[in-house]
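The values are calculated or read from the model by the stated rules, or taken from the named source; none is laboratory data. Note that the structure is predicted; figures quoted are calculated from it, not measured. We place every Cβ from the backbone using ideal geometry, glycine too, and count neighbours over all the protein chains shown.
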């Protein structure tokens with residue numbers, strides 16, 4: 001069993017399966033997208049079982065759609081429950097987003113992380129859905145803040161307050177993605193994006209953050225895209241360090257999902273995250 | 001504002017509908033929505049390309065991308081696992097007016113999806129002890145159960161040849177494509193068995209009697225009825241040996257009233 005000196009993990013992605021399992025570098029955990037392992041059987045699931053023999057596994061969902069006012073998909077919940085039973089994960093998480101909504105011929109799933117409004121009714125929807133999942137899985141969830149490319153004029157609750165109240169109401173924790181904070185600050189045209197992100201972190205209660213995410217973003221003409229396709233930016237590392245000072249040594253995950261680099265490059269990012277743990 | 005309505009509006013806006021109440025204005029709002037739209041369409045393309053490799057090779061990457069986007073809007077996913085999405089793609093391709101010059105595309109897509117499904121099917125091993133039922137029980141009271149993910153695609157087009165030609169390269173591929181073109185001209189149909197070979201799903205061409213037999217087994221018929229359906233040409237002993245050796249058979253099941 002490998003265990004890193006620090007609680008730092010990487011996203012386990014297909015191009016690295018063989019090398020990671022052959023070399024088992026020291027890591028605190030690996031994280032996978034739950035939905036990629038929803039199949040009844042097959043090679044991917046076998047790889048995850050192998051990985052589980054070497055590392056704690058964090059199941060990070062992209063499809064529960066916890067903010068959907070149309071409610072949760074029982075099909076999804078059944079498969080997540082089965083995967084949790086199979087893998088006995090270290091943590092289970094998903095996003096503060098919606099994806100399910102009624103279309104012309106029934107409810108569709110957008111398979112994307114679509115933004116929710118920060119309103120009282122949206123908080124009630126999120127809390128009910130989060131509680132339903134936690135009751136079913138009999139374990140707390142971590143909920144990740146989004147990078148959002150559009151937002152709503154009638155937001156009535158600040159985002160840090162929204163998460164603080166969600167955590168208080170349901171017992172869930174926050175998976176704080178500091179790269180998403182930076183992407184949102186840049187897209188909002190904040191005059192001092194780093195300061196705006198620090199203020200977000202400082203507005204969160206201590207004790208609710210269960211994991212941090214860092215990743216790379218890209219600038220695409222008039223918008224910043226959270227593409228997880230490059231090195232973590234220096235300002236995002238600075239935010240990660242700021243969050244670790246405020247919340248203590250919570251686990252950190254390095255995400256790299258597009259243009260996935262050589263494993264060594266990703267491990268280099270993980271080593272940098274470990275150095276911030278001190 | 002009603003959250004369900006808001007979410008429905010945003011989803012509709014991603015297909016070109018209007019939406020009010022966004023903080024972003026004008027071009028910036030449009031660019032934000034475009035980021036989501038592009039992500040969804042890229043996801044659709046990736047998911048369908050993973051499941052329909054032969055179709056992608058047949059129509060080419062650019063047309064496949066356009067078809068994937070069109071299908072996404074025509075048959076949006078119902079669930080949050082794109083690996084499970086695309087069952088309606090073969091029939092949609094077969095009915096697509098612009099694809100009429102490729103009448104075998106729908107069946108090639110069915111074969112692709114059967115392979116994709118097979119590789120996601122439950123892992124299983126032969127229940128060897130159940131084979132003793134073949135000696136102790138009347139064939140009208142038995143069923144042969146094939147491995148999870150096994151499928152049979154019967155086509156009036158040479159779908160096995162088409163699939164195989166796309167797995168080859170160089171001279172072998174040229175030769176295989178020449179054979180396929182001839183088979184298409186003569187409308188020579190093929191029956192394809194899809195089974196797992198380890199983690200990979202593979203295509204096995206079946207002679208007509210074996211295809212009738214497999215069809216009957218997959219429909220859940222009793223052994224005696226399947227033998228009758230297969231006809232006199234079918235060699236059960238040879239099939240059984242092969243099915244055990246190649247791990248097609250999961251076991252034999254007694255039928256209870």
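The set of residues in the range B:196-220 that are outside any helix (DSSP H, G or I), closer than 28 Å to residue B:255 by Cα and in contact with a helix residue (DSSP H, G or I) (Cβ under 7 Å, 6 or more places away or on another chain) comprises B:196, B:206. Considering only residues in the range B:14-36 that are more than 9 Å from chain A (Cβ to nearest Cβ) and outside any loop (DSSP other than H, G, I, E, B), the one that is nearest to residue B:109 (Cα to Cα) turns out to be B:30. All told, residue A:9 falls short of being more than 9 Å from chain B (Cβ to nearest Cβ), surrounded by fewer than 23 Cβ atoms within 10 Å (Cβ to Cβ) and under 20 Å from residue A:95 (Cα atoms).
Among the residues of the range B:114-153, which ones are part of a strand (DSSP E or B) and under 12 Å from the mean Cα position of the chain (by Cα)? Before you say what the answer is, go through the steps one by one.
Residues of the range B:114-153 that are part of a strand (DSSP E or B), as a first pass: B:142-146, B:151-153.
Within the range B:114-153, B:151, B:152, B:153 qualify.
When the range A:245-278 is filtered for residues that are part of a helix (DSSP H, G or I), within 25 Å of residue A:62 (Cα to Cα) and without any contact (Cβ under 8 Å) to a residue 40 or more places away in the chain, only A:265 remains.
Is there a residue being surrounded by 20 or more Cβ atoms within 10 Å (Cβ to Cβ), under 22 Å from the mean Cα position of the chain (by Cα) and within 14 Å of chain B (Cβ to nearest Cβ) anywhere in the range A:19-33? For the range A:19-33, residues surrounded by 20 or more Cβ atoms within 10 Å (Cβ to Cβ), under 22 Å from the mean Cα position of the chain (by Cα) and within 14 Å of chain B (Cβ to nearest Cβ): present. Within the range A:106-119, the set of residues being facing chain B (nearest Cβ under 10 Å) and either part of a helix (DSSP H, G or I) or crowded, with 18+ Cβ neighbours inside 10 Å (or both) comprises A:108, A:109, A:110, A:111, A:112, A:113, A:114, A:115, A:116, A:117, A:119. Selection within the range B:1-13: residues that are surrounded by 12 or more Cβ atoms within 10 Å (Cβ to Cβ) and more than 7 Å from chain A (Cβ to nearest Cβ). The member of this set that is farthest from the chain's Cα centre (by Cα) is B:5.
Quick one: would you say residue B:230 is at pLDDT 95 or above, crowded, with 19+ Cβ neighbours inside 10 Å and farther than 30 Å from residue A:41 by Cα? I'd like the intermediate steps shown before the answer.
Details: at pLDDT 95 or above: yes; crowded, with 19+ Cβ neighbours inside 10 Å: yes; farther than 30 Å from residue A:41 by Cα: yes.
Spelling it out, residue B:230 is indeed at pLDDT 95 or above, crowded, with 19+ Cβ neighbours inside 10 Å and farther than 30 Å from residue A:41 by Cα.
Go through the range A:131-151 and give me each residue that's closer than 17 Å to residue A:114 by Cα and either in a loop (DSSP other than H, G, I, E, B) or in contact with a helix residue (DSSP H, G or I) (Cβ under 7 Å, 6 or more places away or on another chain) (or both).
The answer is A:143, A:145, A:146, A:147, A:148, A:149, A:150, A:151.
Among the residues of the range A:66-78, which ones are without any contact (Cβ under 8 Å) to a residue 60 or more places away in the chain and either at the interface with chain B (Cβ under 7 Å from one of its Cβ atoms) or surrounded by 24 or more Cβ atoms within 10 Å (Cβ to Cβ) (or both)? Correct list: A:69, A:70, A:73, A:75, A:76.
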